[in-house]
Each structure stands twice: as structure tokens, then as C-alpha cells.
Amino acid sequence: MTSGGRLKKLARTRQLYTGEPLCVAINATHGGDNRHPIHSSPLSQSHLEAEVFAKLCGGGQWWTHPLGLSHVQSTTRSAVVHLDSHTTLTNGTSYARSGHALDQLLPSAEPGIQVNGVVGLRVVGINGPDLHLTLAGSECHLVLRGIPGTDWAEELHERWLRYEKAEAPPLWQNPKLTAFENSHIRDYPETWAAERGLDWLGSALLRRVAIFQTSSTAYSTRSWITGDEWIFELDTVRGIKLEHDAFLRRLMDPVWGLPLRIEYQHCSCNPEQELGDSTYTLQCTYNLGHRSMASGSLQLRFRHGPGVYAGGTRIKLERLYSPSEWLDRVLPKRSPDVASSSDTPSAARTSDEAGH
């Protein structure tokens with residue numbers, strides 16, 4: 001293979017993880033470290049990226065891509081997160097993904113109770129469709145890139161006025177941590193410490209966000225944090241082969257993936273056998289931990305059965321311009337659940353997920 005052919009092959013592998021356009025992936029791969037082609041990040045950068053991933057990629061809504069991000073470009077000390085255009089809620093309401101992102105991320109205080117949003121998040125600049133973010137007192141840097149025409153200034157101003165009217169002080173312009181934020185950290189020390197133990201994981205997943213589309217058979221992906229564990233539920237509709245082994249291989253790839261090992265597994269699926277009861281959902285559960293250090297863990301729940309959200313799911317995703325190749329793979333038109341399920345979130349959601 002020629003050097004150009006090898007570079008292109010590496011770039012296409014990188015695309016499977018990051019979702020970057022091929023030309024961007026080629027530039028990122030050229031001259032890079034082939035042993036660690038997707039950079040890990042230092043502590044404060046990991047903290048920022050993990051918070052953004054947790055707040056923006058919890059699921060429970062519909063976007064063009066499984067977690068509402070088209071792709072992520074990253075270096076050791078920065079990341080550019082490309083947002084989808086719109087968010088559609090399960091009740092059919094649709095609004096700009098940029099506004100949805102701000103509602104999840106921007107810190108505001110409920111005096112005497114808690115801080116909502118990301119503690120310490122600060123807006124440091126706007127450049128066209130790019131919103132530049134950092135954490136108070138650090139040099140970390142993350143860019144939210146909206147679609148062309150995104151008016152971040154207007155979105156921020158509207159929310160500033162809204163929070164002031166609600167007597168919930170907005171905090172994203174203070175150069176240092178506020179008294180509200182320091183109090184929040186003091187009041188929830190165990191939660192704060194547990195979440196910091198997951199920062200490496202959230203950052204690494206954000207930088208590989210495309211695998212939830214390119215390497216999974218799930219049409220719906222949700223996540224939440226319980227203690228020191230990050231939990232993902234990935235739902236594959238009946239009639240589609242559940243290929244969790246392929247997802248795990250890519251996730252744990254020694255070059256491109258995360259330094260994870262399987263600590264526990266319970267597989268309920270039989271790839272040779274279709275579900276007999278159309279209302280029954282199988283679940284295969286994998287608990288994964290870091291290969292070499294004690295820190296937060298990852299639980300993956302691969303679910304296989306009837307749709308958790310609604311008939312008409314494919315139509316909703318088509319209206320959001322989800323890639324047809326992906327839809328044909330995870331929600332083919334022949335699938336009975338594409339048209340027959342109800343439009344309500346599944347009652348099978350676990351108690352852990354409630355409120356996330």
C-alpha cells in the first residue's frame with residue numbers, strides 16, 4: 001500500500017470514531033502519533049469535556065445524529081464540538097440545538113439550594129457560529145459550533161434576562177468561581193468527587209462520539225451518571241441483529257479506543273434466535289473499568305426488543321435529515337416497530353434513569 005493509501009485508510013478509521021469529514025481526518029492523521037491517534041486531555045480539559053458530554057448527550061430526545069453532535073475535532077488541549085441543527089423532544093416539540101445546549105450548560109444559582117448547569121462554566125467569546133467556553137480559573141478550551149446563522153449573542157442575552165427575572169442569578173460571566181458555586185461543591189462533596197473520577201471517561205467518549213452511530217446497531221442511545229458509574233442504554237429494534245461485540249471491540253481497540261477492560265458481563269441474546277414474544281426486551285449488560293487505574297466505571301446496557309419511543313421514529317429522524325444509510329441499518333422501513341409503537345417513552349426505563 002502506498003503512503004497516501006495508508007494515510008487515507010487511517011483517516012477513514014479515525015472518521016469511525018470522531019465523525020470528522022474525510023479531509024479533516026486526513027489532516028489530523030498526517031504527521032500524527034499513530035500509537036495514540038486520538039489525543040487524551042489534561043485534567044481541566046477532561047473536566048470541561050466530560051461536563052459538556054454529560055449535559056448534552058443524555059439522550060431522550062431526537063437529533064440528526066444519535067447524541068446530537070455531528071462530529072468532534074480535538075487536540076490535546078482543546079475540542080470543537082459540532083452541534084446538530086435541532087432537538088426534537090418526545091412530544092414532538094422542536095427547537096434549535098444551540099438553545100437546547102445553552103439550557104443544559106449555562107450555570108445559574110438557586111440560592112440556598114444548588115447551582116444548575118455546569119459549575120464553573122464560563123463563556124469567553126463568540127466568533128460567528130462558534131461559542132468559546134472554559135472553566136473559571138483554568139486554561140481549558142472548548143468550542144460549541146452551531147450551524148451557520150446561529151446567533152449565540154441573542155441566545156445568551158435571552159437566557160440572562162430569563163434567569164434574572166426568575167431570581168436565579170446567571171453565573172457564566174464571572175471570572176472566578178462564585179460563592180454559589182463554591183457552596184455547591186462544599187455541599188455535595190461525594191457527588192463532586194465521584195464525577196471528577198469520571199472525567200477521563202466522559203472526555204474520551206466525547207472525542208469518539210461517532211462510534212454511537214458508526215459502530216452501534218442502536219437507534220436510541222441514552223446515558224446518565226449514578227455515583228461513580230456512567231450508564232448507557234443502547235436500544236436496538238427487534239429484527240435487527242444485536243452486534244454488541246463489534247461495538248465493544250471498537251470501543252476497546254488498543255490504538256483507537258479507550259483503555260477499558262470488561263469486569264462483568266451478562267449476555268441474554270441468542271444471535272441465532274428471534275424474539276418469540278414481540279413485547280419482550282432482552283438486555284445484555286457489560287461493566288467496564290479502566291485497565292490500569294481505579295476510577296469511575298462504564299456500564300453498557302444493550303437492549304433488544306420493541307421500540308422504546310414510538311412509531312414514527314424513522315419519520316422524525318428523516319425530518320431531522322439523519323443519514324439515510326444509518327436509518328436503513330438501524331430502523332429499516334420493514335421493521336414492525338417503525339410504524340407500530342406508541343409515541344410514549346417506554347415504561348421499561350430503569351429507576352436509575354428517572355430524572356436524567
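The values are calculated or read from the model by the stated rules, or taken from the named source; none is laboratory data. Since the structure is predicted, the reported quantities are computational estimates derived from the model, not experimental observations. Cβ coordinates were reconstructed from backbone atoms using ideal geometry, including for glycine residues, and neighbour counts include every protein chain displayed. The area values use the complete protein model at the heavy-atom level, side chains included, leaving out ligands, DNA and RNA. Shrake-Rupley method; radii C 1.70, N 1.55, O 1.52, S 1.80 Å.
If you take all other residues with their beta carbon under 12 Å from the beta carbon of Ser98, and give Lys and Arg +1 and Asp and Glu -1, the sum is -4. Working from the Cα coordinates of segment 1-118, the gyration tensor eigenvalues give, after taking √(5λ), semi-axes of 33, 19, 9 Å in decreasing order. Of all segments of the chain bounded by chymotrypsin sites (Phe, Trp or Tyr not before Pro) found in a DSSP loop with no more than 16 other C-beta atoms within 10 Å, the longest spans 1-279. Close Lys pairs in the chain (alpha-carbon distance under 25 Å; sequence gap of 8 or more, or different chains): 7. Taking the empirical scaling 2.2 N^0.38 Å for compact globular proteins as reference, segment 66-197 has a Cα radius of gyration ratio of 1.09. Entry note: segment 148-265 has Rg to Rh equal to 1.08, where both radii use alpha-carbon atoms and Rh is the Kirkwood radius.
When the Cα positions of Gly58, Cys23, Ser215 are compared along the charge dipole of the chain, Cys23 comes out farthest toward the positive end, with charges on each C-beta of Lys, Arg, Asp and Glu. Taking each DSSP H run with n ≥ 4 as -39500 (n - 2.57) and averaging over every residue of the chain yields -9500 deg cm²/dmol at 222 nm. Per Stokes-Einstein, at 20 °C and 1.002 mPa s, what whole-number D in µm² s⁻¹ belongs to segment 69-123, with the Kirkwood radius over Cα pairs as the hydrodynamic radius? Reported coefficient: 161 µm²/s. Any idea how far the Cα center of segment 78-97 sits from the one of segment 201-265, in Å? About 21 Å separates the Cα centre of segment 78-97 from the one of segment 201-265.
Separation of segment 121-165 and segment 1-66, taken as the distance between their Cα centroids, equals 23 angstrom. When every Cα-Cα distance of the chain is counted in 10 angstrom steps from zero, the calculated P(r) takes the values 5, 24, 33, 26, 11, 1, 0 percent.
Here the Karplus curve 6.51 cos²θ - 1.76 cosθ + 1.60, taken at θ = phi - 60°, turns the phi angles of segment 212-228 into couplings of 6, 9, 6, 10, 10, 8, 7, 9, 9, 10, 10, 8, 7, 10, 10, x, 9 Hz, with x standing for Gly and Pro. Annotation: per residue accessible area for the chain equals 47 Å², rounded to a whole number [probe 1.4 Å, protein chains only]. Along the chain, the longest continuous region that contains none of the trypsin sites (Lys or Arg not before Pro) in a DSSP loop with at most 14 other C-beta atoms within 10 Å is 78-175.
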